Amino acid sequence: MIKPFERWTYEELENTFGLVRVENYEPLSTWLEIAELSISPSETDSLQTLQKLLHTHVDNWNEEELKVFFIGPLLTLVGYYQPHYRPFLERKFSAKIGDIELQGIVDFMLASGKQQPKQPFFCFHEYKRIRGRDNDPLGQLLAAMLCAQAKNSKVEQPIYGVFVEGRFWYFVVLAGKEYAVTEPFTATQDDLWDIFKILSKLKPLIEKWL
């Protein structure tokens, strides 16, 4: 059986693969420990510029406009090109888990590799406005994260993820059969500085597994 990411709901994934959503989850809490991180004056200026643009246009942007004018510049500002891993965009991704093959396109992925992703660490999905949604963004992200987990050579390593609905950002961690999801962070408010720090925190979390 082959089923693409966009056809999964999170409930179907729970029932099919035995996933359990948990609260007060240590891998997610560790990711959200950002009190010691700082933001430089130049980063602050860039974030303020991006936030003003988002606040003005988020309700009118389509998916590509949200991606090009806000999400892409924000992820670039974080600085994910590193010696042992890099970002990959719009890559086909699949894995067979039992008798079921999950497959689809991952909007943004952090993984080792130069031309093709090898060991995946982080999946980012959606880039959609909240109105007019016709699928389950958490289900789509979790399906990609399950593929990443299946392909990861260090099976104990958590897989990190984010999905976005317009101005709302949700952070997700999958480890084994358990996963956890944050409440939404609102990028048009002061949450943007926390969003930037959480995205930046990914770098030391990934590097501990390399």
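The values are calculated or read from the model by the stated rules, or taken from the named source; none is laboratory data. Values in this document were obtained by computation on a predicted structure and should not be read as measured data. Cβ: placed from backbone, ideal geometry, glycine included. Neighbour counts: every protein chain shown.
Filtered by the rule that a residue be over 16 Å from Val20 (Cα atoms) and either at pLDDT below 95 or of a type in the set (D, E, K, R) (or both), region 165-183 gives Glu165, Gly166, Arg167, Glu183. Could you please let me know if Ser46 is over 22 Å from Ile105 (Cβ atoms), among the hydroxyl-bearing types (Ser, Thr, Tyr) and loosely packed, with under 15 Cβ neighbours inside 10 Å? When the stated conditions are applied, Ser46 does not pass them. Answer yes or no as to whether Glu33 is in a loop (DSSP other than H, G, I, E, B), in contact with a helix residue (DSSP H, G or I) (Cβ under 8 Å, 6 or more places away or on another chain) and of a type in the set (D, E, K, R). Judged against the criteria, Glu33 is a match.
Note on region 49-160: enclosed helices (runs of 4 or more DSSP H) holding 3 or more residues that are over 29 Å from Ile2 (Cβ atoms) are 72-78.
Looking only at residues in region 47-77 that are of a type in the set (D, E, K, R) and over 18 Å from the mean Cα position of the chain (by Cα), the one that is modelled with the highest pLDDT is Lys52.
Residue count for region 1-21, restricted to those that are surrounded by 15 or more Cβ atoms within 10 Å (Cβ to Cβ), in contact with a strand residue (DSSP E or B) (Cβ under 8 Å, 6 or more places away or on another chain) and assigned to a loop (DSSP other than H, G, I, E, B): 2. Annotation: Ala148 fulfils all but one of (1) buried (at least 23 other Cβ atoms within 10 Å of the Cβ); (2) in contact with a Ser or Thr (Cβ under 9 Å, 6 or more places away or on another chain); the unmet one is (2). Free of Cβ contacts under 8 Å to residues at least 24 places away in the same chain, surrounded by fewer than 16 Cβ atoms within 10 Å (Cβ to Cβ) and either touching a His at 6+ places or on another chain (Cβ under 7 Å) or under 29 Å from Lys114 (Cα atoms) (or both), is that true of Glu90? So Glu90 fits the description; yes. Pairs are defined by a Cβ separation below 8 Å, a sequence spacing of at least 6 or placement on different chains, a first member in region 38-57 that is within 17 Å of Ser200 (Cα to Cα) and among the charged types (D, E, K, R), and a second member that is modelled with pLDDT of 95 or more and surrounded by 11 or more Cβ atoms within 10 Å (Cβ to Cβ); the pairs so defined are Glu43/Leu77; Glu43/Phe196.
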